[in-house]
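Asker: Shown below is the structure under consideration.
The values are calculated or read from the model by the stated rules, or taken from the named source; none is laboratory data. Computed from a predicted structure; not experimentally measured. Positions of Cβ are backbone-derived with ideal geometry, glycine not excepted, and every protein chain shown enters the neighbour counts.
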Amino acid sequence: MANDAEKVVSLKDVAEARLGYPFRGAIKDASDGKVAVVQIKNVDPEQGIDWGSLVKTRLPGRKQPDWLQAGDVLFAARGNRNVSVYVDEVPEQAVCAPQFYLLRTRDNAVLPAYLSWYINELPAQRYFAQSAEGTLITSIRRAVLEALPVPVPSLERQHLIAKLVAAARREKQLTEQLIRNREQQLKMVACGLIE
């Protein structure tokens, strides 16, 4: 991917990394909760955030939260999958759990969708695998995340990459839907043979 026109910078040069909201203990669902909480179980690098599955709670403490915004990138810093998710929309007031780093780009030099894509690709994933700490449950420290080398192609190329990623994900979703439809048809045929 690299060429002479690209520069490579540290992630800290193009994005700010903040820890998610500092919940103490389990995040409890509250019937009168007005804040949605994105947890690791609610995200998938391919599908994004499953907004319908989020716990609604009340925020403990007085810390002013970093509310999620469209254009944010969530990086799962704990666990065996150190992946990122691009937040393309925020349909309700939400925060992310402390297992995430909330990444916000500093300027227009790097598109958030491009940054999220790059974090999930092999060069960045190798870097995280070599830098992870812990044995049973691994984690990535902020300093390690901020030192991630990020190639910065032109904005035009970043837009192209982001469009290709979105198109590939849509194609995958459509293909999976076709497979599910075909399996449903075959089940109906099988039921029709028995009756």
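Asker: Assess whether GLN99 counts as being in contact (Cβ under 8 Å) with a residue 60 or more places away in the chain, in contact with a Lys or Arg (Cβ under 7 Å, 6 or more places away or on another chain) and more than 18 Å from VAL8 (Cβ to Cβ). I'd like the intermediate steps shown before the answer.
Answerer: Details: in contact (Cβ under 8 Å) with a residue 60 or more places away in the chain: yes; in contact with a Lys or Arg (Cβ under 7 Å, 6 or more places away or on another chain): yes; more than 18 Å from VAL8 (Cβ to Cβ): yes.
Yes: the conditions hold for GLN99.
Asker: I'm told LEU178 meets every condition in (1) touching a Lys or Arg at 6+ places or on another chain (Cβ under 7 Å); (2) in a helix (DSSP H, G or I) except one. Can you identify the failing condition by its number?
Answerer: Among (1) touching a Lys or Arg at 6+ places or on another chain (Cβ under 7 Å); (2) in a helix (DSSP H, G or I), LEU178 violates only (1).
Asker: Now for a different question. Would you pick out the residues in the stretch 4-32 that are within 19 Å of PHE75 (Cβ to Cβ) and not aliphatic (A, V, I, L, M)?
Answerer: Selection gives SER10, LYS12, ASP13, GLU16, ARG18, GLY20, TYR21, PRO22, PHE23.
Asker: A further question on this structure: Which residues, counting only those in the stretch 29-38, are under 16 Å from VAL90 (Cα atoms) and either in contact with a helix residue (DSSP H, G or I) (Cβ under 9 Å, 6 or more places away or on another chain) or free of Cβ contacts under 8 Å to residues at least 60 places away in the same chain (or both)? Give the derivation first.
Answerer: Residues of the stretch 29-38 that are under 16 Å from VAL90 (Cα atoms), as a first pass: 34-38.
Correct list: LYS34, ALA36, VAL38.
Asker: Going by the conditions given, is VAL87 modelled with pLDDT of 95 or more and within 21 Å of VAL165 (Cβ to Cβ)?
Answerer: Yes, satisfied.
Asker: Right, here's the next one. For the stretch 68-84, give me each residue that is over 16 Å from PHE128 (Cα atoms) and out of contact with any Asp or Glu (no Cβ under 6 Å at 6 or more places or on another chain). Spell out how you get there, then give the answer.
Answerer: To start, the set of residues in the stretch 68-84 that are over 16 Å from PHE128 (Cα atoms) comprises 68-73.
Once the filter is applied, which keeps residues that are over 16 Å from PHE128 (Cα atoms) and out of contact with any Asp or Glu (no Cβ under 6 Å at 6 or more places or on another chain), the stretch 68-84 yields LEU68, GLN69, GLY71, ASP72, VAL73.
Asker: Another question, if that's okay. Name the residue, out of GLU133, GLU89, that is under 30 Å from LYS28 (Cβ atoms), acidic (Asp, Glu) and in contact (Cβ under 8 Å) with a residue 12 or more places away in the chain.
Answerer: GLU89
Asker: When you go through LEU115, LEU160, LEU103, LEU164 one by one, which is the residue that is assigned to a strand (DSSP E or B) and surrounded by 11 or more Cβ atoms within 10 Å (Cβ to Cβ)?
Answerer: LEU103
Residue-by-condition table, conditions (1) surrounded by fewer than 16 Cβ atoms within 10 Å (Cβ to Cβ); (2) in contact with a His (Cβ under 9 Å, 6 or more places away or on another chain); (3) at pLDDT 95 or above; (4) assigned to a helix (DSSP H, G or I):
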residue	(1), (2), (3), (4)
ALA2	yes, no, no, no
LYS12	no, no, yes, yes
ALA17	no, no, yes, no
ARG24	yes, no, no, no
SER31	yes, no, no, no
